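Input: a single structure, listed below in structure tokens.
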Amino acid sequence: MLRLDLIDPLISGNKWYKLLHHLATAFDAGAEGLISLGGPHSNHLHALAAAGKRFGFPTVGLLRGEAKETPTVEDLRAFGMQLHWLGYGGYRARHEDGFWDGWRERYPGLHPVPEGGGGLTGALGCTVLVEHVRGRLGDVGWADYDFWWLAAGTGTTLAGLVLAESGARPVFGAMAVPADHGVATNIRAIFDEAGAVDRGYNLLEACRGGFGRLDDELARFLLDSEQASGLPLEPLYTAKALMALRYHVGAGYLATGTRVIFVHTGGMQGRRSLSASVGHPPGYTQP
């Protein structure tokens, strides 16, 4: 397991890697800061705002829905991020031509970053993970590995791994969101922009009926896994991906001796934001 949740308490997990090239691009362009989008529990905005506070640059967040208070939103304000609530219709317009024009006029010194730190720029920041893992295989006594397994929200991290592997090893993405959220489309767009062949990955359905839903079986798996291993999980991404892997092992899809690199993508701050509306089962408690 690649424990990206351990790299930093605030700029967590794969979010930091997806931000790397966006930050470099902004710096090269002489931008004063960054502006991006996300929901009221967004791990991406949380990492971006924390980076702005730590490294001293302004950040602006464009949020989905109507104004609401969540632990994440409280942190964004504490980190100094300027917030704008777009409603739901306004947020859906983020994919339309000209969406950024008005925001560039309002914040001419800020560099826009796609939702989730996505796009080819975000994917390129994740390519370094392949080299990192290959350099550490000896620590676990492995000479090689067979494939990658991770949660897919936008597909950006998966695309970065596929680009770095160049077909050498497949990458499996357990989709934490429904298929109509455009994960496959995002990945193809990244490959098209990179001029790369669309190969070396598989997308698996793992959303369990919706992005923000925590059903009894998933909650029990999360609790049992944490108690058995001491490994902290969050239910929106990593627990779904690990549960999907467990199913595929149990169903016999993976041969004995298969060596899998599972990516813990971090985002533990989002666990605080689970509310009664998610539908907590008996025995589930928030840390």
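FYI, it's all coordinate maths here, none of it is from the lab. As the structure is a computational prediction, the values presented were derived from the model and not from experiment. Methodologically, a virtual Cβ is constructed for each residue, glycine included, from the backbone with ideal geometry; neighbour enumeration extends over all protein chains shown.
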At R0 = 41 Å, how high is the FRET efficiency between Ala93 and Tyr145 if r is their beta carbon distance? Nearest 0.05 is fine.
0.45
Crossing angle, helix 43-55 versus the chain [Cα axis fit, 0-90 degrees, rounded to tens]:
60
Might you report the magnitude of the Cβ-based charge dipole of the range 122-278 about its Cα centre, with Lys and Arg at +1 and Asp and Glu at -1, to the nearest 20 debye?
160
Rg in Å to one decimal, and Dmax rounded to a whole Å, for the range 122-278 via C-alpha atoms
15.7, 46
Packing-based exposure ordering (other Cβ within 10 Å, fewest first) of Cys126, Cys207
Cys207, Cys126
How high is the relative contact order of the chain, in percent, with contacts defined as C-alpha pairs under 8 Å that are six or more residues apart?
21
Using the Cβ atoms and a cut-off under 13 Å, what net charge is assigned to the surroundings of Ile187, where Lys and Arg are +1 and Asp and Glu are -1?
-1
Quick one: order His46, His248 by neighbouring beta-carbon count within 10 Å, fewest to most.
His248, His46
What is the order of Ser166, Ser225, fewest Cβ neighbours within 10 Å to most?
Ser166, Ser225
Starting from the exponent 0.38 and prefactor 2.2 Å, build the expected Rg for the range 14-117 from its residue count and divide its actual Cα Rg by it.
0.98
If one computes the Cα centroid of the range 1-62 and of the range 110-154, what distance in Å separates the two points?
16
So which lysines can Lys53 reach, going by Cα to Cα under 20 Å and dropping same-chain residues fewer than 8 places off?
Lys15, Lys18
Per the 1/(1 + (r/R0)^6) rule, R0 = 30 Å and r from the Cβ atoms of Leu137 and Thr185, FRET efficiency to 0.05 is 0.35
Evaluated at 25 °C and 0.890 mPa s, the Stokes-Einstein D of the chain based on the Kirkwood radius over Cα pairs, in µm²/s, stands at 126
How much of the DSSP beta bridge set in the chain is antiparallel, as a percent to the nearest 5?
5
Output the peptides 77-83, 17-23 sorted from most to least packed, where packing is the average of other Cβ atoms within 10 Å over each peptide's residues.
17-23, 77-83
Using a Gaussian network model on the chain with a 10 Å cutoff between Cα atoms, which of Glu234, Glu193, Glu32 fluctuates the most?
Glu193
Can you compute the helix-only [θ] at 222 nm over the chain? Use -39500 (n - 2.57) per DSSP H run of at least 4 residues, normalise by all residues, nearest 500 deg cm²/dmol.
-12000 deg cm²/dmol
Extension reserve of the Arg220-Ala78 stretch, reckoned as 0.36 nm per residue once the Cα distance is removed
47.8 nm
For helix 216-229, report the angle its Cα long axis makes with the longest principal axis of the Cα atoms of the chain; keep it between 0 and 90° and round to the nearest 10°.
70
